[in-house]
Every structure is written in C-alpha cells, then in structure tokens.
1. Does Pro170 satisfy being surrounded by 14 or more Cβ atoms within 10 Å (Cβ to Cβ), in a loop (DSSP other than H, G, I, E, B), over 20 Å from the mean Cα position of the chain (by Cα) and free of Cβ contacts under 8 Å to residues at least 24 places away in the same chain?
2. Restricting to segment 27-43, name every residue that is surrounded by fewer than 11 Cβ atoms within 10 Å (Cβ to Cβ), closer than 18 Å to Ser233 by Cβ and either among the polar types (S, T, N, Q) or in contact with a Pro (Cβ under 8 Å, 6 or more places away or on another chain) (or both).
3. Any idea which of Val24, Val54, Val99 is modelled with pLDDT of 90 or more, more than 24 Å from Val219 (Cβ to Cβ), among the aliphatic types (A, V, I, L, M) and surrounded by 14 or more Cβ atoms within 10 Å (Cβ to Cβ)?
4. Being touching a helix residue (DSSP H, G or I) at 6+ places or on another chain (Cβ under 8 Å), more than 24 Å from Leu227 (Cβ to Cβ) and either surrounded by fewer than 13 Cβ atoms within 10 Å (Cβ to Cβ) or among the polar types (S, T, N, Q) (or both): is that true of Ser18 here?
5. Being within 22 Å of the chain's Cα centre (by Cα), touching a residue at least 24 places away in the same chain (Cβ under 8 Å) and crowded, with 17+ Cβ neighbours inside 10 Å is the requirement here; does Met162 meet it?
6. Within segment 249-264, how many residues are at pLDDT 90 or above and either closer than 20 Å to Glu165 by Cβ or among the polar types (S, T, N, Q) (or both)?
7. Just one of Asn209, Asn189 is open to solvent by less than 40 Å² (accessible area, probe 1.4 Å), among the polar types (S, T, N, Q) and either at pLDDT below 95 or more than 18 Å from the chain's Cα centre (by Cα) (or both); which is it?
Amino acid sequence: PSSVDSLYTACDIWGVKSDDMNRVLTSKCLKTMGDMVHVAYSTAAAIDARDAMVKKVYSELFQIMVNMINKVLSSETNKSRRENFIGVLDIFGFESFDVNSFEQLCINFCNEKLQFHFNEHIFKMELTLYEAEGIHIASSSFVDNQPTLDMLELPRTGSFSMLDEECVVPRGSDDGFLSKTFKIHLEKNNEHPNMIKPKAKDCIEHMKNFGVLHYAGPVFYNVTGWLEKNRDSLHDDIVQCLRTSSMPMLKNMFPEEAPASSGGGARRGSVA
C-alpha cells in the first residue's frame with residue numbers, strides 16, 4: 001500500500017497518469033516478429049528502471065537550476081554587484097562499507113578529485129609562491145594522489161573508461177570488466193601501486209571485488225551489476241510516459257530528439 005501511495009503522489013506531482021507510470025516501471029514493450037509484447041521486469045530490473053528515471057530527472061532539474069543561477073549572476077546589470085556572488089563549499093563524504101559498489105566508487109572518486117585540488121593549492125601552488133617571494137619555510141611532504149586518479153579516469157586504461165567499453169562490447173559482463181581491470185593494472189612488472197587484488201580475509205565475495213588504495217585508505221568494490229548501473233539507461237517506454245506530463249518543465253526535459261540514456265560518462269563529468 002505504501003508503494004502504491006508513493007506512486008500516486010509522485011504521478012500527481014509530475015502530472016502523469018499513474019496507470020501508465022506503473023506499467024512502464026514494471027514492464028517494457030518489445031517488438032518481436034512485427035508484434036508488440038510486454039515483458040515484465042524482475043524486481044531488481046524494476047528498481048533499476050525507477051532509479052534511472054529519478055536520477056535523470058534530478059540531473060536535468062539540477063542543470064536547469066544551475067543555468068538559471070548562472071544567467072542571473074552573469075547578466076550585465078549584476079556583474080558589479082557584490083551581493084550577487086554565491087560561494088558553495090561542498091565536501092563529499094568518503095565511503096567504505098562491508099560491501100561497496102559503483103556508487104561508492106563514484107563518491108570516493110569525487111573525494112580523490114577534491115583531495116588533489118587541496119594538494120595542488122595548499123602544497124604545490126603555495127610553496128611555489130613562497131619560493132618566488134623568497135620566503136623560506138620548512139619542507140612539507142604530502143601524498144600525491146595523481147596516480148590514483150590516473151588509474152580511475154585515464155582514457156582507455158582508466159577504470160571508468162574500461163567500464164564504458166565493457167558496456168558496448170558484445171557479451172560484455174561484470175566479470176569481464178573485473179578481469180580486464182586486473183590485467184591492465186596488475187600486469188607482471190607493471191603493477192599499479194594503488195590497485196589491490198583482494199583475498200578472502202579482505203571482503204565479502206572477494207572474487208567479485210577489486211581494491212583501490214585511496215588517499216584515505218583501501219576500499220574494496222564489488223562489481224556485481226556495474227554494467228547495468230553504468231548504462232543507467234531509460235527504456236523508451238519511460239521516456240514516452242514522461243513526455244505526456246502536464247508539467248511543462250518535466251515535459252521539456254525529454255524533447256522528441258533527445259536520447260533515452262543519461263550515460264555514465266555524463267554523470268561523472270558533472271561531478272569531476
């Protein structure tokens with residue numbers, strides 16, 4: 001009953017028919033031999049469809065808000081007004097649980113980027129400025145986390161890039177991604193210092209995990225379901241349902257020519 005009430009509430013807010021939303025979140029329409037058939041989702045697939053839809057709408061809504069703020073702050077009449085400045089301090093929480101998944105890697109990747117920014121400004125740039133001005137201070141040492149970032153985000157060999165590639169290759173799989181991860185980063189005589197192949201004592205289902213030595217410590221990630229999470233795709237049925245919304249803002253998020261998938265790379269780009 002509570003889930004049905006939530007469905008009615010959400011559909012009322014979004015201006016779409018609850019029967020249509022219930023149908024597209026519990027099944028998908030496929031064309032076979034010229035006929036259209038509805039295939040029921042498993043519980044896990046239905047949850048993935050719901051989450052992908054909500055994340056897409058949230059992403060679009062957030063972008064609309066940012067565009068509106070930028071437009072106001074950059075207008076000629078407001079450029080010289082000091083009160084039209086917004087400063088945001090955003091601190092990501094580093095996550096490490098008994099079982100960590102794709103979400104934890106994305107969050108911890110943001111932490112690595114933030115730590116790199118901190119290192120660059122507090123250590124590298126400030127020390128360079130001190131030296132230029134002839135100010136002598138005691139030498140400071142810090143752990144440069146650039147190698148960790150390279151391991152995660154470099155084109156072709158970075159974990160995110162390999163995951164994107166595994167999503168499009170024929171018969172790609174979570175296990176295939178894990179195997180390629182170890183092959184690239186734990187090659188003989190070329191072992192990456194921040195990649196860890198876990199043992200049974202390290203984590204649950206260690207054969208499904210790879211470990212990353214972050215600046216804050218090691219975290220082991222279970223790759224089960226990663227390809228589906230990275231695709232984060234919306235079936236066309238869901239898109240068509242949202243296009244029927246009586247709310248102009250929601251309807252405009254899904255113009256006729258728009259692709260159905262938000263894409264893993266686009267999500268990471270917005271936070272990196």
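1. no
2. Ser42
3. Matching residue, one of Val24, Val54, Val99: Val24.
4. Considered against the rule, which asks whether it is touching a helix residue (DSSP H, G or I) at 6+ places or on another chain (Cβ under 8 Å), more than 24 Å from Leu227 (Cβ to Cβ) and either surrounded by fewer than 13 Cβ atoms within 10 Å (Cβ to Cβ) or among the polar types (S, T, N, Q) (or both), Ser18 comes out as yes.
5. Spelling it out, it is not the case that Met162 is within 22 Å of the chain's Cα centre (by Cα), touching a residue at least 24 places away in the same chain (Cβ under 8 Å) and crowded, with 17+ Cβ neighbours inside 10 Å.
6. Qualifying residue count, segment 249-264: 1.
7. None of the others qualify; the one that does is Asn209.
The values are calculated or read from the model by the stated rules, or taken from the named source; none is laboratory data. These figures come from a predicted structure and were not determined experimentally. Every residue, glycine as well, gets a Cβ built from its backbone with ideal geometry; the counts of neighbours run over all protein chains shown. These accessible areas exclude ligands, DNA and RNA; they are computed on the full protein's heavy atoms, side chains included. Shrake-Rupley method; radii C 1.70, N 1.55, O 1.52, S 1.80 Å.
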